[in-house]
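Q: I'd like to ask you about the structure that follows.
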Amino acid sequence: NNNTEPSRLLTVTFSRAAAAEMQKRYMRENNRTDSDIPEYSTIHSFCLRSLMYSDKFIKKKRRLLCDSGDKNKILSDIWNRINASEYGLLTFEYLELISGTISKIKCFNGTEKESDIRKNIQIRNFDEIFNEYESYKRNNNMIDFDDMLSIMFEYLAEDSSFRKKISDKYDYIQVDEGQDLSY
């Protein structure tokens, strides 16, 4: 629609590089150098920016656990506390498996798919690791990338005022590479 202001358009994609490339291409093809352009964003940055519209989220003053090294250190410490004496040291590959499994569980939380994933977990004491990790974040007022998505989903589902703030901001939302985004 030619009557839509560019700033009322949102494109969500999986990677920062893709968002930056699309923005650069838009500006070049439309001869734009000003700030009145569509918003190009990763799903995570869109969720985090949007959550700033929620008084509930702001009041909690959460810190973002965005460095994978920090997350890996926390998970490694938890795994070592629970499993190291019996199973030895944690390899990087196994740590990645733990982190990825946590992400899948949180992505499909409460669905039949979560049950299927949990049935096939082959990580020693996974439930204990998962619970300690979530508890650590809660006790330290932290969220990780998966939390950004799940909190956004929760707020959209439960808070009509928040949902309206977000939906009133955009006329159109385009999703790029949706197959790479989580459920």
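Q: Select, from Ile123, Ile37, the only residue that is closer than 21 Å to Asp171 by Cα, open to solvent by less than 80 Å² (accessible area, probe 1.4 Å), modelled with pLDDT of 85 or more and not in a helix (DSSP H, G or I).
A: Ile37
Q: Taking the stretch 102-120 as the search range and keeping residues that are in a helix (DSSP H, G or I) and among the β-branched types (Val, Ile, Thr), which one is surrounded by the fewest Cβ atoms within 10 Å (Cβ to Cβ)?
A: Restricting attention to the stretch 102-120, the residues satisfying the condition of being in a helix (DSSP H, G or I) are 102-107, 112-119.
Checking which are among the β-branched types (Val, Ile, Thr) leaves us with 102, 105, 117.
On the way: Ile102: 20, Ile105: 19, Ile117: 15.
Checked the stretch 102-120; the qualifying residue surrounded by the fewest Cβ atoms within 10 Å (Cβ to Cβ) is Ile117.
Q: Take the stretch 47-87 and flag every residue that is touching a residue at least 60 places away in the same chain (Cβ under 8 Å) and not basic (Lys, Arg).
A: Within the stretch 47-87, Cys47, Leu48, Ser50, Leu51, Tyr53, Ser54, Phe57, Leu64, Leu65, Cys66, Ile74 qualify.
Q: Just for the stretch 73-100: of the residues that are hydroxyl-bearing (Ser, Thr, Tyr) and in a helix (DSSP H, G or I), which one is nearest to the chain's Cα centre (by Cα)? Outline the logic, then answer.
A: Of the residues in the stretch 73-100, the ones hydroxyl-bearing (Ser, Thr, Tyr) are 76, 85, 87, 91, 94, 99.
In the following step, the residues that additionally are in a helix (DSSP H, G or I) were identified as 76, 85, 87, 94, 99.
Details: Ser76: 21, Ser85: 33, Tyr87: 31, Tyr94: 22, Ser99: 13 Å.
For the stretch 73-100, the residue satisfying everything is Ser99.
Q: For residues in the stretch 5-34 being in a helix (DSSP H, G or I) and in contact with a strand residue (DSSP E or B) (Cβ under 6 Å, 6 or more places away or on another chain), which is least open to solvent (accessible area, probe 1.4 Å)?
A: Among those that are in a helix (DSSP H, G or I) and in contact with a strand residue (DSSP E or B) (Cβ under 6 Å, 6 or more places away or on another chain), it is Ala19.
Q: Also, quick follow-up: Going by what's in this entry, would Lys164 be described as assigned to a helix (DSSP H, G or I), of a type in the set (D, E, K, R) and open to solvent by less than 60 Å² (accessible area, probe 1.4 Å)?
A: no
Q: Right, here's the next one. So for the stretch 42-52 (the condition being outside any helix (DSSP H, G or I), open to solvent by less than 70 Å² (accessible area, probe 1.4 Å), modelled with pLDDT of 90 or more and not basic (Lys, Arg)), does at least one residue qualify?
A: Yes, there is a match, as at least one residue in the stretch 42-52 is outside any helix (DSSP H, G or I), open to solvent by less than 70 Å² (accessible area, probe 1.4 Å), modelled with pLDDT of 90 or more and not basic (Lys, Arg).
Q: Enumerate the pairs (first residue in the stretch 96-111 and in contact (Cβ under 8 Å) with a residue 60 or more places away in the chain; second residue anywhere and of a type in the set (Gly, Ala, Ser)) with beta-carbon separation below 6 Å, excluding pairs fewer than 6 apart on the same chain, so at least 6 apart or on different chains.
A: Every condition considered, the pairs that remain are Cys107/Ser182.
Q: While we're here: Within the stretch 126-161, can you find the residues that are surrounded by 14 or more Cβ atoms within 10 Å (Cβ to Cβ) and in a loop (DSSP other than H, G, I, E, B)?
A: Correct list: Asp144, Asp159.
Q: Right, another one. So, in the stretch 128-156, how many residues would count as being without any contact (Cβ under 8 Å) to a residue 40 or more places away in the chain and in contact with a helix residue (DSSP H, G or I) (Cβ under 8 Å, 6 or more places away or on another chain)?
A: Qualifying residue count for the region: 2.
Q: Given the conditions (1) open to solvent by less than 40 Å² (accessible area, probe 1.4 Å); (2) assigned to a helix (DSSP H, G or I); (3) more than 30 Å from Ser160 (Cα to Cα), and given that Asp70 satisfies all but one, which numbered condition is not satisfied?
A: (1)
The values are calculated or read from the model by the stated rules, or taken from the named source; none is laboratory data. Only a predicted model underlies this, so the values are computations on that prediction, with no experimental measurement involved. Glycine gets a Cβ as well: all are built from the backbone with ideal geometry, and neighbour counts include every protein chain shown. Calculation scope for accessible area: heavy atoms of the full protein, side chains included, ligands and nucleic acids excluded. Shrake-Rupley method; radii C 1.70, N 1.55, O 1.52, S 1.80 Å.
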